[in-house]
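Read-outs: derived from the displayed coordinates by stated rules, not from any lab. What you are looking at is a predicted structure, and each value in this text was computed from that prediction instead of being measured. Methodologically, a virtual Cβ is constructed for each residue, glycine included, from the backbone with ideal geometry; neighbour enumeration extends over all protein chains shown.
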């Protein structure tokens, strides 16, 4: 498996897109991973599931605007250079 | 006539930009750490202003008739101030992304440390004390503590691995410059993937250890030393030598990683997790340590088997 740096960038963009596409009410709440279902206790142990939900929610919030920009650039570059 | 040299010193010494500050003497053990961490009040501004004063005094008091042309002297002052402004701006931008002081800590090595660390990577079974020693609440530089991670050995080992891969491919008559770049970026991508997976694992399990990103890069770069040893044995002694060296360096590296990370991951307790849930945590941390260690032989085999056909 020979990776180029370009392959790494592509993988990163695709993975972040995949996380950003998970919709809050239509999907995550249905499987019990919604943002309001993870508060749990305020103790010391958040647990893996609530850490994951926190991660997903923060990725979606933070990367929304940069993803729009990066995806547009990718679309334009792919149209121009194949 | 106005361009004749009249002073004892050559022209260009007077006009030189402020030279970089001299490296601190290596005899003093903590001077390196002190200037990099607590040097903020003095800072680069202090050094540059003192150099400016020296330059100004020598040029002003020394030879007055070198600057008979006011335009030239004004241009010189403007140019040097512009250069220092540019340098400050670049420094500011870089320190926004990563702390240069933290990076300097990882490159504070000397020959004795490198020798001992390489020996430790290849034969860690007799080493007794794996704790990273501290001094006044900050970890000791690698110069004084053989257990501290550094970035010099991984960087050099990475570059050596790329050169060795080129040589091995050349021996098999499969060399071309593109292959070298491909090999380099493949190895770099695997390091990045491993560091990201480690960071994700540590975050999900809420392990509050003091492993920074650079520490993880350092620990995942130590496998390149094993890879170099394996490839060399494979080239010198053929396929049997390759597998023997692979087994040896995998065991040594797994032992090294488990012992080093055990101190940092497994012994970092949360503040008040004294309940029954605390029993699950050490197990998961053990899994993560063992998984990291088990990943090393796989990646060594993956990245070197195609070189020793």
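Descriptive notes on the structure:
- Once the C-beta distance of residue B:156 and residue A:7 is scaled by a Förster radius of 22 Å, the resulting FRET efficiency is 0.25 to the nearest 0.05.
- Label-point separation, residue A:19 to residue B:163 (7 Å along Cα→Cβ), nm: 3.9 nm
- Nearest-0.05 FRET efficiency for residue B:145 and residue B:111, computed from C-beta distance (R0 22 Å): 0.90
- Residue B:119-residue B:208 pseudo-label distance in nm [points 7 Å out on the Cα-to-Cβ vector]: 3.9 nm
- Rounded, prolate or oblate (a/c below 1.5 giving rounded, otherwise prolate when a/b exceeds b/c) for segment B:93-218 by Cα gyration tensor: prolate
- Counting 0.36 nm for each residue step from residue B:176 to residue B:134 and taking away their Cα separation leaves a gain of 10.4 nm.
- Neighbour-count ranking [beta-carbon atoms within 10 angstrom, fewest first] of B:225, A:76: A:76, B:225
- Ordered by the number of other Cβ atoms lying within 10 Å of each residue's own Cβ, fewest first, A:49, A:30 fall into the sequence A:30, A:49.
- The mean number of Cβ atoms from other chains found within 10 Å of a Cβ in peptide B:181-194 is 3, as a whole number.
- Which of B:306, B:144, B:208 has the fewest Cβ neighbours within 10 Å, and the rest in rising order: B:208, B:306, B:144
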